[in-house]
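The values are calculated or read from the model by the stated rules, or taken from the named source; none is laboratory data. Keep in mind it's a predicted model, so treat the numbers as computed, not measured. Ideal geometry is used to build each Cβ from the backbone, glycine not excepted, and the neighbour counts take in all protein chains shown.
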Amino acid sequence: MQIDIMEMIRVFAVGGGICVIGQLLLDFTNLNAPRILVLFVAVGGILTALGLYQPLVDFAGSGATVPLPGFGYALVRGVLEETAASGWAGVLTGGIKNTAAGITAAVVFGYLVALIFDPKSKR
Amino acid sequence: MKYNQYADGFSPAPTCLKNCLLAFLTGGAICETGHLIRAAVMSAGADAETAGMWTTVALICTAQLITGLGWYNTLGRIGGAGAAVPITGFANSVVSPALEYKKEGIILGTGAKIFSLSGPVLAVGFSVSAAAGILYKLLGLL
């Protein structure tokens, strides 16, 4: 396993930086966390469509793909690649195809966890 | 004037600075974890795409397990947006309402509420991606 310190710094800085934007929105606007998640997915998708998010992914890797804009990026990239390959059908299939593992894992494992565990009282 | 300067030193700014610093550290650490998982999977012979997939799955499942144990709330209280914005925050938003509404049954409680916070994210995400595809096609870019 190769460890590239500069790459790790870029990942941390960009990933942390995106979260700081979220924190500023939480502190200075009336947006709550669920709304910020929606906003970030949308912004990530739009930036990807404009060709502006790919450079950030090339620069920071997981720092750009792990935060929620990276989910929008994966959806839009999936649609554009699939549309290029198989035409109009790709508009409907590409997004979920490219994110299927994450979405299925989140729903299936989430369901399992919710069935196994009991809600904890809020402290 | 002096008093205002003095008072400014205490009101919101320090809290915000502290929140931002904690969000930066928490979010950065989660991304770094993803980066290391990805590097480990790739060194085991997986290509970049497969490694990215397993990284996402690993982060999601870990975050959901931690949510089940009741620890993700603590992470959220400390890290704020640093815990909410990464994909682990999305994974948490899938489980927490499902857990919360368990008493309403495993179909209409757990099963339905699993999408009460994550549904909007999926709805908007899918819509933006479909719109991007349609626009690219109509503009003749693909």
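Among the numbered criteria (1) more than 7 Å from chain B (Cβ to nearest Cβ); (2) under 21 Å from the mean Cα position of the chain (by Cα); (3) assigned to a helix (DSSP H, G or I), which single criterion is violated by A:Gly51?
Looking at each condition in turn, A:Gly51 falls short on (3).
Residues in segment B:86-102: is at least one charged (D, E, K, R), modelled with pLDDT under 95 and closer than 13 Å to A:Pro119 by Cβ?
Here is the first cut: in segment B:86-102, the ones charged (D, E, K, R) are B:100, B:102.
Remaining after also requiring modelled with pLDDT under 95: B:100, B:102.
Narrowing further to those that are closer than 13 Å to A:Pro119 by Cβ: B:100, B:102.
Yes, that holds for at least one residue.
Mind checking which residues of segment B:10-39 are over 22 Å from the mean Cα position of the chain (by Cα), in a helix (DSSP H, G or I) and at the interface with another protein chain (Cβ under 9 Å from one of its Cβ atoms)?
At the first step, the residues of segment B:10-39 found to be over 22 Å from the mean Cα position of the chain (by Cα) are B:10-15.
Retained after the next criterion (residues that are in a helix (DSSP H, G or I)): B:13-15.
Answer for segment B:10-39, where residues must be over 22 Å from the mean Cα position of the chain (by Cα), in a helix (DSSP H, G or I) and at the interface with another protein chain (Cβ under 9 Å from one of its Cβ atoms): just B:Thr15.
Filter segment B:61-87 down to the residues that are part of a helix (DSSP H, G or I), touching a Phe, Trp or Tyr at 6+ places or on another chain (Cβ under 7 Å) and within 7 Å of chain A (Cβ to nearest Cβ), then identify the one that is surrounded by the fewest Cβ atoms within 10 Å (Cβ to Cβ).
Going through the qualifying residues, I end up with B:Cys61.
Looking at segment A:22-37 only, could you name the residues that are surrounded by 19 or more Cβ atoms within 10 Å (Cβ to Cβ) and either of a type in the set (A, V, I, L, M, F, W, C) or at pLDDT below 95 (or both)?
Here is the first cut: in segment A:22-37, the ones surrounded by 19 or more Cβ atoms within 10 Å (Cβ to Cβ) are A:22-23, A:25-26, A:33, A:36-37.
Of everything in segment A:22-37, those that are surrounded by 19 or more Cβ atoms within 10 Å (Cβ to Cβ) and either of a type in the set (A, V, I, L, M, F, W, C) or at pLDDT below 95 (or both) turn out to be A:Leu25, A:Leu26, A:Ala33, A:Ile36, A:Leu37.
Residue pairs, Cβ under 6 Å, 6 or more apart or interchain, first in segment B:123-142 and closer than 12 Å to A:Ala84 by Cα, second part of a loop (DSSP other than H, G, I, E, B). List them.
Cβ pairs passing all conditions: B:Tyr136/B:Leu142.
Determine which single condition A:Val57 fails, assuming it passes every other condition in (1) farther than 20 Å from B:Leu75 by Cβ; (2) in contact with a Ser or Thr (Cβ under 7 Å, 6 or more places away or on another chain); (3) facing chain B (nearest Cβ under 7 Å).
Here A:Val57 clears every test but (3).
Give me a count of the residues in segment A:1-48 that are more than 8 Å from every other protein chain (Cβ to nearest Cβ), part of a helix (DSSP H, G or I) and among the polar types (S, T, N, Q).
Adding up the residues that qualify gives 0.
Given the criteria within 8 Å of chain A (Cβ to nearest Cβ) and in a helix (DSSP H, G or I), does B:Ala91 qualify?
Numbers: within 8 Å of chain A (Cβ to nearest Cβ): yes; in a helix (DSSP H, G or I): yes.
In short, yes.
Would it be correct to say that A:Leu56 is closer than 28 Å to B:Leu138 by Cα, in a helix (DSSP H, G or I) and in contact (Cβ under 8 Å) with a residue 40 or more places away in the chain? Don't jump to the end; show me each part of the working.
Working: closer than 28 Å to B:Leu138 by Cα: yes; in a helix (DSSP H, G or I): yes; in contact (Cβ under 8 Å) with a residue 40 or more places away in the chain: yes.
Answer is yes for this residue.
If you check every pair at least six apart or on different chains, which have Cβ atoms under 6 Å apart with a residue in segment A:62-79 that is in contact (Cβ under 8 Å) with a residue 12 or more places away in the chain and among the aliphatic types (A, V, I, L, M) first and a residue that is crowded, with 24+ Cβ neighbours inside 10 Å and not in a helix (DSSP H, G or I) second?
Qualifying pairs under 6 Å: A:Val66/B:Pro86; A:Leu68/B:Val85.
For A:Gly110, only one of the following conditions fails: (1) within 9 Å of chain B (Cβ to nearest Cβ); (2) touching a residue at least 24 places away in the same chain (Cβ under 8 Å); (3) crowded, with 18+ Cβ neighbours inside 10 Å; (4) not acidic (Asp, Glu). What is its number?
Status for A:Gly110: all satisfied but (2).
Take A:Asp118 and tell me if it is surrounded by fewer than 22 Cβ atoms within 10 Å (Cβ to Cβ), modelled with pLDDT under 95 and either at the interface with chain B (Cβ under 8 Å from one of its Cβ atoms) or farther than 21 Å from B:Leu75 by Cα (or both).
On the way: surrounded by fewer than 22 Cβ atoms within 10 Å (Cβ to Cβ): yes; modelled with pLDDT under 95: yes; either at the interface with chain B (Cβ under 8 Å from one of its Cβ atoms) or farther than 21 Å from B:Leu75 by Cα (or both): yes.
The answer is yes for A:Asp118.
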